[in-house]
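The block underneath contains the structure these notes are about, expressed in structure tokens.
Throughout, read-outs are computed from the coordinates displayed, never taken from laboratory work. Since this is a predicted model, take the numbers as computed values, not measurements. Every residue, glycine as well, gets a Cβ built from its backbone with ideal geometry; the counts of neighbours run over all protein chains shown.
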Amino acid sequence: MAVTTAQWRRNVARILETTLPRRAKQIITTAAVELESETKANQRKAGLHRRTGSLFNRTSARAKFGLSTLESEIELRVDVPYARVHEYGATITPKRSRYLTIPLDAAKTGAGVMRAPARAWPNTHVRRSRSGKLIIFGAQGQPLFLLVDRVTIPARPYVAPAILKIRKSLRADLAGMLRDVIEEAGRG
């Protein structure tokens, strides 16, 4: 049965007030969950090895809604200071000393976390290796830290690929929802 223009307008108004906001919220909330999951999965794919778990544990996404569903957004937070360095890469230089201290195996825990800063190790001395690198050695002669004037961290994007993937599926889901709304309005 054909729907008149007046009926179609009433149907669209009803759908816009009830069905559309509910379905849009479901789609956007699902996309937020998928974005968080994909971002965390990409951290592993990008070669970011979990040591303390801070980057993984402080990555979260949530759907935020304004007065109308049209005012919705997905907020992704990666709340650690070094997150941008992993995403975009960076060259790190010393700020308060002449060299950066890069911990070697003897100065790290089994998880790869530095046990203590170089200045906290007692009875250390600096020697140049055969290859010309400066190394801080411990009291028993174990190499603790490599001294360098800069470190270049390559970009290992994990957020941007997740956003691109979720944006594509979100567009498809919202377009499907709009098609369904138009069909539903035409049915009466």
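Excluding Phe65 itself, what net charge comes from residues whose Cβ is under 14 Å from its Cβ, given Lys and Arg +1 and Asp and Glu -1? Could the numbers behind the result be given before it?
Details: positive: Arg22, Arg23, Lys25, Arg62, Lys64; negative: Glu71, Glu73, Glu75.
Every neighbour counted, the sum reads +2.
Pairs of lysines 8 or more apart, or on different chains, with alpha carbons under 29 Å: count those in segment 1-104, would you? Spell out each step's value before the answer.
Values: Lys25/Lys40; Lys25/Lys64; Lys40/Lys64; Lys45/Lys64.
Lysine pairs satisfying the spacing and distance rule in segment 1-104 number 4.
Using the count of nearby Cβ atoms within 10 Å as a rough guide to exposure, how do Leu134, Leu178 rank from fewest to most? Could you put the intermediate results ahead of the total?
Numbers: Leu134 16, Leu178 13.
The order, fewest Cβ neighbours first, is Leu178, Leu134.
Express the Stokes-Einstein translational diffusion coefficient of the chain in µm² s⁻¹, to the nearest whole number, given a Kirkwood radius over alpha-carbon pairs, 10 °C and a viscosity of 1.306 mPa s.
Values: Rh = 21.0 Å.
Roughly 76 µm²/s, to the nearest whole number.
In whole angstrom, how far apart do the alpha carbon centroids of segment 74-104 and segment 117-188 sit?
Their Cα centres are 9 Å away from one another.
Between helix 5-17 and the chain, what is the angle of the helix's C-alpha long axis to the longest principal axis, kept within 0 to 90° and rounded to the nearest 10?
Tilt of helix 5-17: around 30 degrees.
In the chain, if the dipole is taken from +1 on Lys/Arg beta carbons and -1 on Asp/Glu beta carbons about the Cα centre, which of Ser129, Val12, His49 is farthest to the positive end?
Ser129
How large is the helix-only mean residue ellipticity at 222 nm for the chain, computed as the sum of -39500 (n - 2.57) over DSSP H runs with n ≥ 4, divided by its residue count, in deg cm²/dmol to the nearest 500?
Details: 5 runs with 79 residues, N = 188.
Result for the chain: -14000 deg cm²/dmol, rounded to the nearest 500.
Hey, got the Cα dimensions of segment 94-149 along the principal axes, in Å, largest first?
27, 27, 20
Write out the trypsin sites (Lys or Arg not before Pro) in segment 133-175 meeting two conditions: DSSP loop, and at most 15 other Cβ atoms within 10 Å of their Cβ. Let's see the in-between values first.
Values: sites: Lys133, Arg150, Lys165, Arg167, Lys168, Arg171; in loops: Lys133, Arg150.
Counting only loop positions with at most 15 other Cβ atoms within 10 Å, the trypsin sites (Lys or Arg not before Pro) in segment 133-175 are Lys133, Arg150.
Determine the dipole magnitude for the chain: charges of +1 sit on the beta-carbon of Lys and Arg, -1 on that of Asp and Glu, nothing else is charged, the reference point is the Cα centre, and the result goes in debye to the nearest 20.
Values: 34 positive and 15 negative charges, 184 e Å.
The calculation lands at about 880 debye.
Could you pull the Rg and Dmax for segment 1-94, using just the Cα atoms, both in Å?
Cα radius of gyration and Dmax of segment 1-94 are 20.7, 75 Å respectively.
Loop only per DSSP, at most 16 neighbouring Cβ atoms within 10 Å: give me the chymotrypsin sites (Phe, Trp or Tyr not before Pro) in segment 60-152, ordered by residue number.
Working: sites: Phe65, Tyr82, Tyr88, Tyr99, Phe137, Phe145; in loops: Tyr82, Tyr99.
For chymotrypsin sites (Phe, Trp or Tyr not before Pro) across segment 60-152 that sit outside H, G, I, E and B with at most 16 neighbouring Cβ atoms in 10 Å, the list reads Tyr82.
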